[in-house]
Structure formats: C-alpha cells, structure tokens
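Right, one structure below, let's go through it.
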Amino acid sequence: MLEIQNLTIRYGRHLAVDNVSMHVAKGETVALLGANGAGKSSVLNAIGGRVRPASGLISLDGRDLAALPDHRIVEEGVALVPEGRGVFGPLSVEENLRLGAMPRRARTGAAEAMDEIYALFPRLAERRRQAVRTMSGGEQQMVAIGRALMSRPDYLLLDEPSLGLAPIVTEELFAALHRIRSRGLAILLIEQNVRLGLGMAERAYLMTSGRITGEDSSARIATDPRLAETFLGRTGTA
Amino acid sequence: MSILDISGVTKRFGGLAAVSDLSFSVKHGEIVALLGPNGSGKTTMINMISGALVPSNGQIRFQGDDIAGRAPDRIARAGIARTFQLVRILPSLSLIENVVVPAAFGRRRLWGDEALRHAASCLDRVGLKARCDLRAADLTYIDQKRLELARALSAEPQLLLLDEWLAGLNPAELQEGIALIRSLTHDGISILMVEHIMEAVRALCPRTVVMAAGRKIADGPTADVLSQPEVIAAYLGEAAHA
Amino acid sequence: MLSSTLILGLVLGGSYALVAVGMTLQYGIARIMNLAYGEFIILAAFATYLLFGSLGISPIVALLIIPVIAFGLGVALFQVMMRPLVTRAGGSGRLEVDSILATFGLLFVLQGVMLLAFGGNYTSYGFLDQGVNVLGTTLAANRLLAFALSIGLAGGLFALLQFSRWGLALRAVALAPGSAALVGLNMRRIAALGFGLGTALAAAGGVTVSMFQTFSAHDGVLFTMKALVIVIMGGVGNVLGALVSGLLLGLMETAVARWVDPGLTLAATYILFLAVLLWRPEGLFGKAAGR
Amino acid sequence: MRQLLPFYALLGLAGLAPLWLGDYGAGLLLGMTSAAILATAWAMFSGPTRYVSLATVAFYGIGAYVVAALAESQPWPVVLLAAAGCGGLVALVVGLSTLRLAGIYFVIFSFGLAELIRQLLTWYEVNVTGTLGRYIFTEFQPRDLLWQLLVLLAVTLTLSVWIHRSRLGLALRVIGDDETVAAHAGINLARSKLTLFVISSVLISLTGAIQSPRWVYIEPSIVFNPTVSFTAVIMALLGGANRIWGPILGAVPLYLAFEFLSAHFPDHFSILLGLLFILVVFALPNGVLAALERLRLRKGAGV
Amino acid sequence: MIGFTRRAAMGLLGGVAISALSLGPGMAQAPEPVRIGYVASKSGPAAAGAGITTIPNYELWAKDVNAAGGLKLPDGSQRPVELISYDDRSSAEDAVRAVERLASQDKVDFILPPWGTGFNLAIAPLMDRLGYPHLAVTSMTDKAPDFAKRWKKSFWMLGGGHDYAGALAQTVAKAQAEGKVNGKVAVISVADGFGIDLISAARPIFKEQGLELVYDQSYPMGTTDFAAIIEEVKSSGADSFVAFSYPPETFALAKQARTVAFNPKIFFTGVGTPFPNYPGIVEGRQEGVMSVGGVDGNSEKIAAYFKRHAEVVGTPPDSWASAITYASLEMLAQAVSRVGLDREAVAGELASGSFDTVIGEVKLEDNQLRQLWLVGQWQGDKFVGVAPADRTGAMAPVIPKPAW
C-alpha cells in the first residue's frame, strides 16, 4: 500500500499542499481531481521524489519513500509519468523504452517487456527508430507510459495523460490504460477529463487549494455536487 | 468600440498549433475572462498580446494599431500591462523600486520624486505602501502577487492582462483579490484575465471567452457560457455527452 | 590541389574533433565548462613523452594506459572539486560562472605543476616521422596514425554512446537531466562518469597530438580555446556537432592557408566562429532557439 | 554624489604618493589603479546584465594601439579622445551584433572577438606596415600616468554611481533580475545593454591608452594578452560585481596578492594563484562585499 | 662610491639577515653579498624562451662566481653574489614594476634584463632613469644603434634583422655563385616581431644579392600544420628554404619536412633550431640544417661552458643567445673587478673595456656587440657558426644539406 500522511509542500512561502493524507492500495486505481493549481501535481511529484515535502510521510508497504533520493524511487516499484511527460525527445522510441529498463529490478526480461509494450501501443512498434520529439503528443504520451511500464512498477503515477491530446487519441490512450489496469497494477491518476478519469478509477479524491475536499468511490463522486464546484465554482456566487 | 481586437491569430510551435485561428475582442472598460482547460492555449494568447511571443498568423489590434509581433517594450509603452502565471517579481529590488520601473520606462517616463510618489500611490492601492522599502524577495506569496499587480498598475495601462493572478490564494485572500480587481474597472482599465477560479470569474467577469485545444469554443455572458454543454465537456470530458 | 587540401584539412580537423568531443561531453553530461581542459591534454602529452623517452613505451601503448588513469583522475576531480559546486548551484545558471572560475584556477595550478616538473621548454619527440602517400598527397605517418586513432576513438565513443546501455544513460542525462531520475538514473554518478570520460578523451587527444606536435607547459590554453571554439560552434554538449565543426575548422584552416594567406588562418578560424554564432546563436547543432 | 567625496580625497592622496613612495610604490599604485578601473568598468556592464565578457583586453589593446599610432603626431588629449572613440565604435558594432547571444556563447564569443582583433591587427601590421612592434615614446613619467589613471578611476566611479541612480541603472538591474519583466515594463533591452557596453568599453580603452606609454614598445601579443580579461573578471567577481564598490574591493587585494605572490614565490606563482581562485569560488561565492555584509548582519543579529 | 656607503648603511638591517640566511651558519663572517636582481618570464607564453636562454645562465653564472669565491672587487676582496628574481608573468607592465621594485625596494646593486625584445624595451627607459646598466642581450633589433644613443647605459648584444638577413643572403648568394643552389628562395615568416623584422630586412637584401624570392608568406604564431605550405614551396621551384620561425614551428617544420622528404639544398629555420633538443626531435638527422646564431666549434671555452651548463642545468645551452648571455654576465663581473660597484663606472667600463668571455675577446662598439655569429649550421652534434665567413672559427657551410 502506498500511503501519504499529513503531507505538506511549500515552494518558498507558497503553501502548495496542505496536510494531505491519502492512500492507494495494491492493484487499485485512484483518481485525484481538482482545478488547476490545486496542488495535485505536487502530491505526485512528492511521491516520485521530484519534490521534497516540508513535512509528512510517504511510505510504500511501510518503507519510507521520502527519505530516498529521487533516482531510487523507481527501484522501489513506483513509476511516475509527470506532466509534460519527461521523455527524452531526441532519442528514439526504442531508446526511451530501453532507458525505462535501467532500474535493476527491470533489467531481466526487458526484451519481453518491450514486446508487451509494443503490443499495447502498436503505433510505437511502427516507429521504434523515430525520434520521440518528432512524434505527436499522443504518441509521446504513449512512449512516456511505456517507458514507465518498462521499469515493472507496482504503482504507476500518471499526471494529466490526456493533456493537449485530440479526443480520438485520448480515447486510444485510455483504452490502453484500461488494459494496463487489468494487469493488476495500481494507478494513481490526475486527469483533467473528469469523466474519463472517473471512468477508470475505483476511487477518487477531490482537491482544492492544496487540501483534500472529498473522497469517495468514483460512482458516487461523479454525482457529487462538490465535483462540479471543484471545477466550475459554486454556481450563483456573485 | 474595442480596445483590443484579435482576429485569426494562430501560433504554431513546430508542427503543433497551440492557438489556431482565434478571434475575439475586448471593449473599452470591459473585463473579460479567458477560460479553458489546461493546455488550451490561453497563456500563449496572453503572451502574444503582450509581445512575449510572435504570432504565426493573424492580427492583434490595440486601439486600432496592429501590434502583432512588436517587441514587448513597445507594446508596454503603448499601454498594455500584464502579470505572469508564475508570479515574477524583481527579487533584488525593493518594493518601491519594483513599482517605479514601469513608470520610469512607460509613456510618461516619470523619474525622481514624481515617480516615487506615483509608485507609492500604486503600492497604496494594493495595500503594500507601509512596506515599500522591503526587498521584494522577502514578501509572502500573496504580497508578491499584490506587488506584481501594483507594478502593472504603475504603467497606467489601458489594457491589463492578468494571467491566473488569483491562483494560489486562500479563501480570505481571494475575496480581497476580487475586490481589488473590481476596483480597477472603476478606473476604466480594460482587463483580460485568464483564471481557473470560477468563483472569481463569475464574480468579476460579465463576459467569458472559452478556449479548448487552441480554438475558441464559446464567447458570451459568463453564466451562459459556463452552462454550455461544449464548455462543460471541455472541462469534464467528452463522456459528458454520453 | 583540391584533393590534397581536402585530405590535409580532414587530418588536421580530425585531431581538433577528438580534442573537442571530450570537452563537449564534460559540458553536456557533467555541466562543467572546463577551462583546464587543455592542461589535461598537455599533461597526457608529457606523460607520453616520458613513457616513450625513458621507458621506451610506444605512444600507441600509452594510448591504452594514459586515458585510463585520466579517467580515474577526472572522476576524482569531479567528486572533490566540481560536485560541491553543482550541489551549491542547485540547477541554476550560477554553475556556469562557478565552474568557469574554478576550472580557471585549476588551469593555473596544473600549469604551475607542469612548469615545475617539466620546465617551460618546447618538447617534442620523433615518432613515425615517415611520409605516407595518400591519393597523391604525402602525409606524415604519425599524423595519419593520429587521424586514424582520432577517428577510431571518436567512432568508438560514438558507438559506445549509441549502442551501449551505459552510453544510452549518458546521452539521456545530457539531453534531459530533469528526466533522468524518472528512469532510476543517478545523475551525480553519471555526471562524474561523464566528466571522467571527457578527461580520458582529453588524455587520448594529448597522446595522439604529442605524436606529431611540439608542445610546452603553456600550450594547454591554446587547446582549450580551440576546443571551446569548436564546442560552441557545434552546439554545446553535442558530440556530433563537435565532430563536424572540428573537421570543418581543419578544412577551413587548410583552405585559407593555401588559397588566401597563411597569415589569416587563425583570423579565419574566429571569423568562421563568429559568423556561425551570429547566424545560429546556439551553434550548428544546438537546440533550436525560440519556443 | 556626496558619498564619493571621501573617495575623491583618497584618490587625491594617492596622487601625492609618488612624492614619498618612490618609483616602486608609484608603479604599484599605477597598476592597482588600472586594475581597479578595468574591474569596475567590466562590472558596470557585466554585473547587472550577467554577461561575462572576456573582451576586456580587446578594448584595452585598442586603446594602446591608438596611442602607438597617434602619440607622435597628435597632442595627448586628441590621442585619448581618439582612443575613446575607437573603443566606443568597436563596442557599438560588436554590441549590435552580439548582445543576443546568451550564457557561455557570449563568453566565448567575446573571447573570440579579442583574438580576432589581435589576429587582424597582426595581419595588418605584417602586410601593410611591415613591422610588428610599435614604439611609444612620450615624456610621461610614471607619476603622470598615475595621475591620469586616478582621474579616470574617479570618472569611472562617478559614472558608476550616476548610472546606478539613473534610469539606465534601474533598467539594467531589472534586466539582471528578469529580462522578461524588464521588456514588459517598457525597457528597451537592446538599447540599455548596448549603451552600457559602449560606456564600459570606452573606459577600458582609455585605461589601455593611458597605461601604454609605460611599456615603450608594444606588439599585439603584449597588449592583447588574454590574462587582462580574465583578471578583470576575477577581480570584479571577488569583490562583488553587482555593487559599486565591489570591483575595487576585489581589485585592490587581489592585485596586492598577485604582487606578493610573484615577489615571494616567483617559481610557484601559478600554483598559488590557481589555488587562490579556487578558494575564492568556494569560500566567497558572492564576493568579498557580500561576505562582509553577511558578517555584519550576523554580528548585528547577535547583538 | 656614494651609492656604496648608502647601501652599506641599509645593509646593516636587511642585508645581513638575508646573507646569513642564504649563506648558512658556516659563513656567518662572510662578506655582504652583492645583490643582483632580475625579472624574467617564469610563467606565461614568454616563459619558454626565458627558461631556455636567460634564467639558466643567470643561475649558472651566480653559481660559478660563488664557487670561485665571489665577485672580485678592485681592492682584491671578494663578495658573493645573491640573486633576487621576480616573475613578470609575460606581461610588460609586470616587468616594469618588478624593475621598480628591485631598484627601490630591494635596492639591488645590479639588474639583469628579462628575456625578449619587447620586455627589454619596456624596461629600458626605466633602467636608464634609475641609473642601472642595461645588458639587453636577448633583444634583436635594427634600432639598436638608436636605442644605445637614447639610453646611454644600455647595451645591445644580439644584432638586428639586417645583420642576420644580410649574412644569410650572402651565404646563399655564395652558394649560388659556386653553382650549389639555383638562387630561387622560398621564405616563410612568423607574424611576430622576430619574423617580421627578419623578413622585412631580407626582402631588399636578397634582391641586392641577385636572389629571387619565389615564395614569401607569413603565418600566424601558433600554426602547427605546415603541410600545405611545404607543398607549395616544393612546387615553387626554390631549392633554398628559409623560415623565420619560432621554436614550435621550427620543430613542426623539421618534422613535416622529413615526413614528406622535402630536401631543399638549404634548409634554414629560425629560433629553436640551435636548441639542444633539436637533434632529438629530428632523430639525429639534423646535419646541415641552418639557422641564426651558432658557436665557435673549435673553441675550448665554449666546449667547457657547454659541459658545465649541461652538468648544472641538466641540458646543454642553446647555441645562439645562451653563450652571449653568459658572456654578458662575465663582462659585468670583469667590469666590477676593474671599477667596483659604482653603476655609472661599470656602465662606462662595459662601453669601453675589453673582456675575456666564453665567446672570446669582446669589445662593444657603440654599446653594441658586433662580433656575432649570424648564420649557423648543425654539423655533427654541434651547431657551429658559418657566417660571417671571415670570422675566426667560421666553418664552411655544408651545402647542399644531406637528405633527411
């Protein structure tokens, strides 16, 4: 279980995440929803070791993740696909995937893993030698996710995978994510496309101004008035 | 009459069009919200208006002149001021110096006591006058935002571009911020604001333009726009259609 | 005439390219602009001279020994001297100024040590000074060998970077340091390796250059400057760029010496350099400006 | 400008120094004054804009060469004017074409510029005048040169203070903090940088011009010695390039350290100098002045 | 003698302490040393030249003098020599200041000159003003006569470009007259003081001598690759090759000429050719290579000097300015032994006296050394003087030069 307790993150004097607690169980898919600037990405980045929390605990099956240097997190089985994807643009698809298998835990069986990813994203198989930066946003997102999967993670953290993608590509991507989920991998997802996100997740957290403002099963959150409020504001306030 | 007229503006980065064929206008004294989900091209549009980016196509007319592609300093002197998405203060300068800058290099080129008086009045407006000798780097986040606004005001702009100026404020601060912006419209400053805090948008902006994937998908009275299915779909996903 | 200029230019450019590639690696991977780079070249040249002169070890064998030692030295130097600066800068532009100043100091230290150890004399040794005929142009065997070794080393490095796991990691760090940790790469270790590799290449350059060129303890700066010009021209951190602009510079110098005026070769170098920068401020192969 | 009064007095005092200090003392003061001007002039442009320029020696050398070319035929003030004019003109042309380069690209470009000028001048001398070295025979004694340099230092400092308080100085501080904000506040980036680059270059050219009679014989390798550029950078950074007094506070102790080291450890000068640089980078990352201020703050806090 | 008494008074404080330190406890009663200062480039680009020609000779001489009991004075007493040295870091400004320091802080008795024309000229007016005799050895300049007039206590001992170019032209012309060469000459010159002086002097002189310059180019300092130039020279029809070059290029030219089997009948290169490491660089194939300078191959004094230099310094000296440098110091010592430490008198003695040195009997003409070897040639393992041909000890030049 991936567990976050009383996480607080500051950038200088700006309080980005305020005493947030949440958890993701093994094999579970969880969505983290909220308006821009609510602090969702900060939470993900803190788990991935890219941001040092001011206080709070991040633990994976009891092991303290926050104490590890950033490059060690992925060895623990937590792979992050950050916003903006973080792909190695000038490198080819295949090189990006090979880099995904850099962690020790992933070195054996990397070839099979790569085949699986090509099966998952047939578009990538067609373009293994192409430089990633010359590809479309959707394809780049596939590379980023594929690369994360190459490290054989137990937990996959996705930050806005559909950002800037055409609807049809988004659909394709989520179809693949559904297949990935069915393999028993746990996923923590930030998704601006709320319906898509909730469609995939079993459970969801709502976040506003750095705080968790709601938590429930996806089905219930979808009809919760707090959801619309999170994005479109309280109707009628003037 | 419009103070800002945007017609057919496109911005391509490499092959990707961040803004495509966008047109809308802002009238004198009007306060308009520019909305859209993450990555829909709002900040890119603001950057083109302020001169930080050069449009690939199209015209941006400010008070009748096409300013598309002009250097930002010329645009600033023409009467457009802005704040930045990630607050940008001048950390090594004092508050008053921060605010003197646009006055000194703006249309009136104020200097000396006159500039200081002007800057002080701008600081006063955002409630920072008492701390005008502090170094900007030592301010809290909200005060940095205030300072940034005071700096924009100091240019005495006709058009003010606010890029998520209210983001990151707590509820109490938010109310203060809203009141502050509202007070500006009384001075006749036209405002174009990118904002994610809908509460503020509803409170401040009678009119809203919504972008998605670089295109304009809605333009009209805020309440109407926010209830349009396309807009909800843009925010909450296509699944809303189903 | 044309073909001999071409060949001579390529041979000259080959040694430039080899020397510049190491520097571009140090900057690309370790983010250190190493002004003491040329000192390592000269140090290796002196080491070759000593091995050859006193122990009779052929420079070709020295090419196997010296770069390995230099690699260790480079890694150690990075850990002791550069790493605190990298940590202190925390990714800000400050590292650029700090590294320039610190390696400038290092330049003086190394130069002073070499002056004490070897004196200020011009040093040179005779090795393979025979002529070899290549397509009608007579070339010095040592130069040709140096060229072959340069191309071999640069090719080997290119292959290493292109095809090995290790090289892939190095490239990844050079291209997108921010993403390296996402795939479990330890930036610090790789930066040290990159710096070491750059030092090893400097040493390899020193060994090959000493086969045909006179050197003295003061000449490091000349190499550093030429390498800098090539690195900047090719786009900082770009191996291919360094190779291409190295060769280009060699061709240019030879062509100007032959057809314009030998007195203008160095001026031509800088004119080419300045022209390239004015045309492409990020260098020939640098990341495109804008955006 | 009142803050400068004690400083002017100090410079006046330094001007009297040759009367009791003797040749060596005067020479030392002369070199020190020149170093202080170079560092201050360098920092005038490079401090606020953070463009590390290695072209200092290009302008220094231009000044010296103008003297060599004109000193015999023209009155001294005309020679100095010509030196300032040449330096300013070159700076203008160079600035117009290069100030869009950033970071390390500008650093190496400026270095390349100095080398290019040196090579072209060499080529000119070899092919047109047929002799490389030039002689500068003037009637100036070291103290005359010292006086001129002291005046130039006073001018430099005054300019520096004046710019700091002027609109231009504010523009440059803003540019140094954030170019984007600067442009959006109506500051013409190119013009502000260019103006300062020209002013700084003119001052450096004048330094070269005034100092050159001391060498009697000049050739490109003497007056375009890149060490001049590097020491100016080091001195300014040591003292603190963003403060008015910083460069002087760097130049004076470092100059004395150079002198001390080369006098007492002539065989180990290089090594000690190198170690000193490294030490500066590690121990005084923001310059002497910043370190002093920090110390004062800490003391103040302690009380 | 006023200077002497003043110095003696000063010496009570500083000098005694220093001499006690430098001479060790055993010689506590030894006489106060004669303090001789020098500034030379110990670092920077000029350090190579200073490190070969100037500094080793200063040290060797001081050692020789002290081994012989010290500097002799007119009254028969002897005082040891103490050297005080500064590094000018290859900067003229620093050289000037170091001289000021030596004169006004260290108050040395004599100041020995730095290495190189530029540095000597930079300190010349100062030395003159301070009243120190200036033995400008390593300054090759055609303006020496003017300088000697301008600064009365300066002595110019390496001749000028005209001397060397003239002697070279005569040597080539003579070979042409003897039918050994075709009179077509290819010349390259380094774009720096030395190269420019020589080539500008050589152009008219070569013409006067009926020689034809079929190739004449300059190249910038720091050029490492001469392949293109050598190719052009080969196809120019010249069978005499002259390079007014600096050491790195001299060595590069030799190596590259060997490589492409470029075997002109006369192969003349510049500074560096007479260096002791030249034979090593060309792997023993130096026979017949010509250059400026040279030594008297038959002189026993020179042979002994070479041997001592090799023992003390570790390498033999170069065969151009080294011996002259050492000789200038012998002249200084002899002048002191005749007139004492008064600098005015020493300068007068240097100008008018006659001295017995490693390069033979020396008498300056108008403050200039005119008995110079202007062209030398490697013959066997010695670089001997071949021109002026009428000078005693001159060897006949080997022309054509044997193939590499």
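The values are calculated or read from the model by the stated rules, or taken from the named source; none is laboratory data. None of these values were measured; they are calculated from a predicted model. Because the Cβ atoms are built from the backbone with ideal geometry, glycine has one as well, and the counts that use them run over all protein chains shown.
Descriptive notes on the structure:
- Of residues in region D:186-214 being under 30 Å from B:ARG70 (Cβ atoms), of a type outside the set (A, V, I, L, M) and at the interface with another protein chain (Cβ under 7 Å from one of its Cβ atoms), the one surrounded by the fewest Cβ atoms within 10 Å (Cβ to Cβ): D:ASN188
- Candidate set: region E:176-199, residues that are more than 14 Å from chain D (Cβ to nearest Cβ) and not in a loop (DSSP other than H, G, I, E, B); chosen: the one farthest from E:LEU121 (Cα to Cα): E:ALA177
- Tabulated pairs, region C:3-14, first under 12 Å from E:PHE226 (Cα atoms), second at pLDDT 80 or above and among the hydrophobic types (A, V, I, L, M, F, W, C), C-beta under 7 angstrom, 6+ apart or interchain: C:THR5/C:ALA255; C:GLY9/C:LEU251; C:GLY9/C:ALA255
- Residue, farthest from the other protein chains (Cβ to nearest Cβ), within region C:105-119, restricted to residues that are at pLDDT below 85 and under 23 Å from the mean Cα position of the chain (by Cα): C:PHE118
- Residue within region E:200-218 that is part of a strand (DSSP E or B), within 24 Å of the chain's Cα centre (by Cα), within 14 Å of chain C (Cβ to nearest Cβ) and not charged (D, E, K, R) present: yes
- Number of the exception - B:PRO72 against (1) assigned by TED's automatic domain parsing to the domain that holds B:ALA234; (2) closer than 15 Å to A:GLY164 by Cβ: (2)
- Within region D:215-246, tally of residues that are of a type in the set (Phe, Trp, Tyr) and more than 11 Å from every other protein chain (Cβ to nearest Cβ): 2
- Qualifying positions in region C:124-171 - among the polar types (S, T, N, Q) and in contact with a strand residue (DSSP E or B) (Cβ under 6 Å, 6 or more places away or on another chain): C:THR138
- Residues of region B:180-198 classified as away from chain A (no Cβ under 13 Å) and part of a helix (DSSP H, G or I), total: 6
- Among residues of region E:79-93 that are facing another protein chain (nearest Cβ under 7 Å) and aromatic (Phe, Trp, Tyr), those with a beta-carbon under 6 Å from a residue that is buried (at least 24 other Cβ atoms within 10 Å of the Cβ) and part of a strand (DSSP E or B) at least six positions away or on a different chain give the pairs E:TYR86/E:VAL39.
- The criterion of at least 2 residues that are more than 14 Å from chain C (Cβ to nearest Cβ) and modelled with pLDDT under 85 is met by the following helices (runs of 4 or more DSSP H) wholly inside region D:118-185: D:142-165.
- Among the residues of region B:4-16, at least one is away from chain D (no Cβ under 14 Å), of a type in the set (Ser, Thr, Tyr), out of contact with any His (no Cβ under 8 Å at 6 or more places or on another chain) and over 28 Å from A:GLY138 (Cα atoms).
- The residue list C:VAL209, C:VAL256 contains one member that is within 14 Å of chain E (Cβ to nearest Cβ) and free of Cβ contacts under 8 Å to residues at least 60 places away in the same chain, which is C:VAL256.
- Exclusive hit being more than 30 Å from E:ASP87 (Cβ to Cβ), buried (at least 24 other Cβ atoms within 10 Å of the Cβ) and away from every other protein chain (no Cβ under 13 Å), set C:ALA70, C:ALA62: C:ALA62
- A:VAL93 closer than 28 Å to C:GLN162 by Cα, more than 10 Å from every other protein chain (Cβ to nearest Cβ), buried (at least 21 other Cβ atoms within 10 Å of the Cβ) and modelled with pLDDT of 90 or more: yes
- Region E:250-277 residues that are within 20 Å of E:PHE194 (Cβ to Cβ), paired with ones that are among the hydroxyl-bearing types (Ser, Thr, Tyr) and in a helix (DSSP H, G or I) (beta carbon under 6 Å, 6 or more apart): E:THR269/E:THR250; E:GLY270/E:THR250; E:GLY272/E:THR250; E:THR273/E:THR250
- Considering only residues in region B:49-80 that are part of a loop (DSSP other than H, G, I, E, B) and aliphatic (A, V, I, L, M), the one that is nearest to the chain's Cα centre (by Cα) turns out to be B:ALA52.
- Consider region E:366-404 and keep the residues that are surrounded by fewer than 16 Cβ atoms within 10 Å (Cβ to Cβ) and touching a Pro at 6+ places or on another chain (Cβ under 7 Å). The one that is farthest from E:ASP142 (Cα to Cα) is E:ASP381.
- Selected residue (criterion: farthest from D:PHE197 (Cα to Cα)) from residues of region D:137-179 that are over 22 Å from the mean Cα position of the chain (by Cα) and surrounded by 21 or more Cβ atoms within 10 Å (Cβ to Cβ): D:ASP177
- Filter pass, E:ALA173 being at pLDDT 90 or above, assigned by TED's automatic domain parsing to the domain that holds E:THR250, surrounded by fewer than 21 Cβ atoms within 10 Å (Cβ to Cβ) and part of a helix (DSSP H, G or I): yes
- Lone qualifier among B:LEU53, B:LEU110, B:LEU93, B:LEU149 - being under 19 Å from B:LEU192 (Cβ atoms) and within 13 Å of chain D (Cβ to nearest Cβ): B:LEU53
- Here the condition is being crowded, with 21+ Cβ neighbours inside 10 Å, in contact with a Leu (Cβ under 7 Å, 6 or more places away or on another chain) and within 14 Å of chain C (Cβ to nearest Cβ); of A:ILE58, A:ILE47, it holds for A:ILE47 alone.
- Number of positions in region E:226-278 that are within 13 Å of chain C (Cβ to nearest Cβ), of a type in the set (D, E, K, R) and farther than 18 Å from C:LEU266 by Cβ: 5
- Residue among B:GLU164, B:GLU173, B:GLU230 that is more than 25 Å from B:GLN63 (Cβ to Cβ), of a type in the set (Asp, Glu) and in contact with a helix residue (DSSP H, G or I) (Cβ under 6 Å, 6 or more places away or on another chain): B:GLU173
Yes/no per residue for (1) surrounded by 23 or more Cβ atoms within 10 Å (Cβ to Cβ); (2) at pLDDT 90 or above:
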{"site": "E:LEU112", "(1), (2)": "yes, yes"}
{"site": "E:HIS134", "(1), (2)": "yes, yes"}
{"site": "E:LYS180", "(1), (2)": "no, no"}
{"site": "E:LEU198", "(1), (2)": "yes, no"}
{"site": "E:ALA201", "(1), (2)": "no, no"}
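- Restricting region D:285-303 to residues that are more than 21 Å from the chain's Cα centre (by Cα) and closer than 27 Å to C:LEU85 by Cβ, the residue that is modelled with the lowest pLDDT is D:ARG298.
- Among the residues making up region D:83-94, a single one is within 13 Å of another protein chain (Cβ to nearest Cβ) and surrounded by fewer than 19 Cβ atoms within 10 Å (Cβ to Cβ): D:VAL93.
- When residues of region D:274-297 are limited to those that are surrounded by 19 or more Cβ atoms within 10 Å (Cβ to Cβ) and either in contact with a Lys or Arg (Cβ under 9 Å, 6 or more places away or on another chain) or not in a helix (DSSP H, G or I) (or both), the one farthest from the other protein chains (Cβ to nearest Cβ): D:LEU289
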